[in-house]
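J.: First, the structure itself, so that you have it in front of you.
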Amino acid sequence: MINKFSQKTILTLALACLGSAIVFVLFAVFFSYDSSQSSEKNAKVHTDQPHESSQISLATSPQGVKTYSTPTPEHLKNNQQTIIEQTISVSSGDSLSTVLSDMGISQQDVYRVANARDANSELLRIRPGQDLSIKMELPSGKLTELLYVQSKLKRSLYKRQKDGQFSFVVLLTQPETKRIYKEVTITNSIFRDGIDAGIPQSVLIQLTQIFAWDIDFATDLRKGDSFSLLYEENELEGEVIGAGNILAANFINAGRSFQTIRYDDANNFNYYTPDGLSMRKAFIRSPVDFTRISSKFNPNRLHPIFKTTQPHQGVDYAAKSGTPVKAAGAGTVIYAGELKGYGNTVILEHGQGYSTLYAHLQGFKKGLKANNFVEQGDTIAYVGQTGWATGPHLHFEFRINGIHKDPITVSIPHDAPMSKNVLKRYLPYARTTMTELSSHYSKNFSQQYTAVLKRQRSRS
């Protein structure tokens with residue numbers, strides 16, 4: 001075959017083959033370079049496009065690492081949770097259920113947090129003005145934490161546990177307690193003058209309750225009477241948040257001085273005189289909330305109906321029909337029924353020769369009958385106009401060993417006395433407290449008190 005071709009033909013075929021080989025090599029090199037550039041360009045395009053997803057490493061050369069982002073799958077996007085916090089002030093008509101339901105929280109979570117362990121269902125008693133600080137997950141609506149702000153001093157924290165139930169803890173803030181001194185001279189009324197002097201109404205109510213056994217604040221107050229007192233005031237971060245207890249007081253009424261000191265012993269407190277006698281007496285002088293005294297104790301009174309001189313052996317307290325009548329002291333009911341002239345009547349036996357009578361009653365407390373025991377202040381009947389009466393009022397008699405005494409002026413025994421051991425601890429404390437109180441007296445109050453002491457010594 002080779003011999004059939006000339007030398008020229010063979011050379012031409014060899015050159016053609018060589019050219020084809022060169023073209024093939026050049027084509028392979030060009031294609032490889034173009035592919036590499038295209039891949040690098042694509043990698044750069046993905047890297048330059050920001051996306052909220054994780055980054056994956058892609059090796060393109062021994063000298064460096066390129067990254068690109070992949071989109072988050074749609075089914076994973078829905079599982080992302082956000083915690084939001086919102087504080088809601090409770091309004092009139094709100095309940096825990098309505099507040100949480102309005103936020104999209106399930107009734108199951110409402111039930112769980114309301115019945116949290118050891119919480120005593122406090123959340124079921126929310127009141128207007130209180131705050132609920134709520135943390136919840138979105139979009140699931142799952143309650144995670146609730147802070148119940150009952151007051152500036154008390155908060156309750158509820159936290160969701162792994163089992164879906166809620167833990168409960170009370171957070172208490174201790175205020176700073178200060179001792180405040182005030183002094184007032186009566187020109188109008190104890191409440192008006194006291195409030196004008198900057199004394200909280202709650203403290204003035206305490207004051208009238210403490211001295212109620214010695215002073216009838218409806219009838220005994222006189223213009224020019226005065227009082228001084230030392231009481232607690234609670235502050236939080238410089239803001240007054242309320243008043244505490246009266247610690248000591250001196251009330252000058254109608255030329256008499258009444259002093260009291262609060263004393264705590266074994267978690268029990270009471271108010272005592274500086275000598276250790278209880279301010280609480282065995283009897284209250286006015287067993288009804290009355291509008292006026294319509295007739296006083298008078299052995300020579302002219303009877304309003306019969307117009308004859310007949311002793312009035314008690315005090316008549318005018319009041320609206322139906323006003324509750326209270327037991328003047330602890331005792332046993334020895335009579336509950338109708339008596340001639342007295343109308344519906346209750347008689348109480350108090351022991352040691354003391355008894356009290358309540359007449360012209362509209363009716364008796366339900367279930368009251370002879371041999372019932374009643375405590376001081378218990379309601380026993382209601383004001384009426386039965387028997388010989390010209391208007392609704394309570395006729396009240398006070399008897400000692402059967403002898404009638406004026407309920408307004410009779411000397412009333414003190415309540416249970418201190419034991420000797422308690423009295424021994426009390427007396428030094430009383431002297432220190434009264435010294436502190438008197439150190440604040442103004443010149444006028446000090447002079448008034450000194451004059452009262454001189455008159456009391458001269459009488460004795």
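Conditions (1) at pLDDT below 95; (2) aromatic (F, W, Y), marked per residue:
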| position | (1), (2) |
| --- | --- |
| Q362 | no, no |
| E375 | no, no |
| V383 | no, no |
| W388 | yes, yes |
| F396 | no, yes |
| P417 | yes, no |
| V422 | yes, no |
| S438 | no, no |
| Q456 | yes, no |
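J.: OK, next. Name, by its number, the condition in (1) farther than 26 Å from Q447 by Cβ; (2) surrounded by 17 or more Cβ atoms within 10 Å (Cβ to Cβ) that does not hold for T219.
T.: (2)
J.: Given the criterion touching a strand residue (DSSP E or B) at 6+ places or on another chain (Cβ under 8 Å) and surrounded by 15 or more Cβ atoms within 10 Å (Cβ to Cβ), identify the matching residue among G384, G322, G353.
T.: Matching residue, one of G384, G322, G353: G384.
J.: Could you check I210 against (1) buried (at least 18 other Cβ atoms within 10 Å of the Cβ); (2) under 23 Å from the mean Cα position of the chain (by Cα); (3) farther than 23 Å from I293 by Cα and say which number it fails?
T.: (3) is the only condition that I210 fails.
J.: Being modelled with pLDDT under 95 and not hydrophobic (A, V, I, L, M, F, W, C) narrows it down to one of T345, T379, T323, T309, so name that one.
T.: T309
J.: Give me the pairs, please: first residue somewhere in region 149-169 and assigned by TED's automatic domain parsing to the domain that holds M136, second residue anywhere and basic (K, R) and surrounded by fewer than 14 Cβ atoms within 10 Å (Cβ to Cβ), beta-carbon distance under 8 Å, and either six or more positions apart or on two chains.
T.: Q165/R117; F166/R117; S167/R117; F168/R117
J.: Can we say S278 is surrounded by 15 or more Cβ atoms within 10 Å (Cβ to Cβ) and farther than 21 Å from Q376 by Cα?
T.: No.
J.: Against the condition among the acidic types (D, E), at pLDDT 90 or above and surrounded by fewer than 14 Cβ atoms within 10 Å (Cβ to Cβ), how does D163 come out, does it pass?
T.: Criteria met by D163.
Here's the yes/no breakdown for (1) within 24 Å of I180 (Cα to Cα); (2) at pLDDT 90 or above; (3) among the charged types (D, E, K, R); (4) in contact with an Asp or Glu (Cβ under 6 Å, 6 or more places away or on another chain):
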position: G244; (1), (2), (3), (4): yes, yes, no, yes
position: L247; (1), (2), (3), (4): yes, yes, no, no
position: N253; (1), (2), (3), (4): yes, yes, no, yes
position: S257; (1), (2), (3), (4): yes, yes, no, no
position: R262; (1), (2), (3), (4): yes, yes, yes, no
position: N270; (1), (2), (3), (4): yes, yes, no, no
position: M279; (1), (2), (3), (4): yes, yes, no, no
position: T291; (1), (2), (3), (4): no, no, no, no
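J.: Tally time: how many residues in region 188-207 are buried (at least 18 other Cβ atoms within 10 Å of the Cβ) and among the small types (G, A, S)?
T.: 1
J.: Now, a different point. Show me the strands (runs of 3 or more DSSP E) found entirely inside region 232-285 where at least 3 residues are over 11 Å from I210 (Cβ atoms).
T.: Qualifying strands (runs of 3 or more DSSP E): 239-253, 256-265.
J.: Same structure again: Count, please, the residues in region 188-225 that happen to be closer than 24 Å to V410 by Cα and touching a helix residue (DSSP H, G or I) at 6+ places or on another chain (Cβ under 6 Å).
T.: Matching residues across region 188-225 total 1.
J.: Follow-up question, since we're still on this one. Which pairs turn up if I take residues in region 343-367 that are assigned by TED's automatic domain parsing to the domain that holds P392 and touching a residue at least 12 places away in the same chain (Cβ under 8 Å) and look for partners that are in a strand (DSSP E or B) and basic (K, R) with beta carbon separation below 9 Å, at least 6 apart in sequence or on another chain?
T.: G353/R399; Y354/R399; S355/R399; T356/R399; L357/R399
The values are calculated or read from the model by the stated rules, or taken from the named source; none is laboratory data. Because the structure is a prediction, the values reported are computed rather than measured. In this analysis, Cβ positions are derived from the backbone assuming ideal geometry, glycine residues included, and neighbour counts consider all displayed protein chains.
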